[in-house]
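Let me begin by presenting the structure, written as structure tokens, before commenting on it.
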Amino acid sequence: MNRSVLLVVAALAVVVAAVVIALQVFSGAQPWGMLLTDNLVFARSIPFTLGLGVAFGAYRALGREPPGIQQKDGALRRFAPGTAAMHWVTAAAVVVALITGAWQYLKGLLAVNSRVDMPLVYRIHYLAATVLLFATAHFVTYWLMSETRQPLLVPKGQWIRHLRGTAHELPRPIGGALAAVLGLDMRRQPPPVGEFTYYEKAVSFPIWGVLLVVIVLTGVLKAMRYIYPIPGDLVWWVSAVHVGAMVALMVKLLDHLRYVLAPSRWPLLVASFTTWVSREYATRRHPAWLEELDRPLPETPAAAPAASASALQPGGTR
Amino acid sequence: VKQLIAVLGLIWALGNLLVAYLFLTSGVAAKNVHKGLGVQASLVLGGILVALFALFLLAQGVSLARSRAED
């Protein structure tokens, strides 16, 4: 099946759903205020948002070129352009959702009047949540349908090596403490770093994944409570976990920014916009990635046509 | 650009420090005693964690702002 058909069908379903939802909202049949109307619009749109995300993820996965590390003018491609773009879409959604979510929570906690109209805060929160749902569904589908997830994961049987690499990458007191707790031998040379650092693979990516899944699932349940009868006790616990995940996401985002704003990792931050990182930087900081690139291809009939001057080795751009 | 990104990081860190302060003060405020020890402890713990990582980011932002342009 042409991959575009899937995307067009999903987009059409979203358009039809948007029209039907809008007709209901503007019919004047319900006496709801802005807040409840927004909640119901958001809840009804969730299946279509997720469907569009899945279709877009599948569209990208099915259209991928054979795995390879692209090169040009002494630079290596670290991210596929679509992945970099969706990363920033997700980042914007997370930041806006965190600000509006924290605003709602702090208003209740401090028992103060908000200077901003609260229904507007919720509306922006729902819009950010919609974008986050789309991006999450897209990434999950894209990674499940392509091999691009492999370099982001710790391979089977490699956890000790990754934890040792992580301990070496952390500041000495924290890394030393981790090594002592886990019984890691820090006298051995740190293993060479691949495309992604040990900290990213063993600590950062798993935490991002868990927190985003938790906040999305609890957010969806909270949004659905006016459409489906969800027991009050369950809503209370779901809300508590949602707030807990919000605080954990605040901490994780701070940690992520701390990590990517390190002067030594500036080229990686630039690469998240341009998708390219210099070969010289990769040689210095990610030698195992270069080894992967310089490793000869296996001589198989299937692999031969895939190898070209611009796409050389397993791995590929994410 | 590097300085601009560093400033944005610093602004985000300062905003989070404010949130951490509100968490901490709410966690020990008398008006929240009725919410139970669990809620209070969560607020204090959350506040401490957010403050700690905001300080890390603050330090990193300063370090980035002061780093050489050609790095």
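A few comments on the model shown:
- B:LEU24 over 21 Å from A:THR100 (Cβ atoms), part of a helix (DSSP H, G or I) and more than 9 Å from chain A (Cβ to nearest Cβ): yes
- Close contacts from segment A:238-249, counting a first residue that is touching a residue at least 60 places away in the same chain (Cβ under 8 Å) and more than 9 Å from chain B (Cβ to nearest Cβ) and a second that is outside any helix (DSSP H, G or I) and open to solvent by 20 Å² or more (accessible area, probe 1.4 Å), with Cβ to Cβ under 8 Å and a gap of 6+ residues or different chains, come to none at all.
- Within segment B:30-52, the set of residues being closer than 16 Å to B:LEU17 by Cβ and open to solvent by less than 30 Å² (accessible area, probe 1.4 Å) comprises B:LEU43, B:GLY46, B:GLY47, B:VAL50, B:ALA51.
- When A:ARG149 is tested against (1) more than 14 Å from chain B (Cβ to nearest Cβ); (2) within 22 Å of A:LEU50 (Cβ to Cβ); (3) at pLDDT 90 or above, exactly one condition is not met: (3).
- Of the residues examined, B:LEU10 is one that is assigned to a helix (DSSP H, G or I), of a type outside the set (D, E, K, R) and either more than 9 Å from chain A (Cβ to nearest Cβ) or in contact with a helix residue (DSSP H, G or I) (Cβ under 6 Å, 6 or more places away or on another chain) (or both).
- Scanning segment A:260-294 for residues that are touching an Asp or Glu at 6+ places or on another chain (Cβ under 8 Å), within 27 Å of B:ALA13 (Cα to Cα) and not hydrophobic (A, V, I, L, M, F, W, C) yields A:PRO263, A:SER264.
- Across segment B:59-71, the number of residues qualifying as among the hydrophobic types (A, V, I, L, M, F, W, C), within 9 Å of chain A (Cβ to nearest Cβ) and open to solvent by less than 50 Å² (accessible area, probe 1.4 Å) comes to 1.
The values are calculated or read from the model by the stated rules, or taken from the named source; none is laboratory data. If you're wondering where the values come from, they're calculated on a predicted model, not measured in any experiment. Cβ sites come from the backbone with ideal geometry, for glycine too, and all protein chains shown count toward neighbours. Side chains are part of the model used for accessible areas, which takes the heavy atoms of the whole protein and leaves out ligands, DNA and RNA. Shrake-Rupley method; radii C 1.70, N 1.55, O 1.52, S 1.80 Å.
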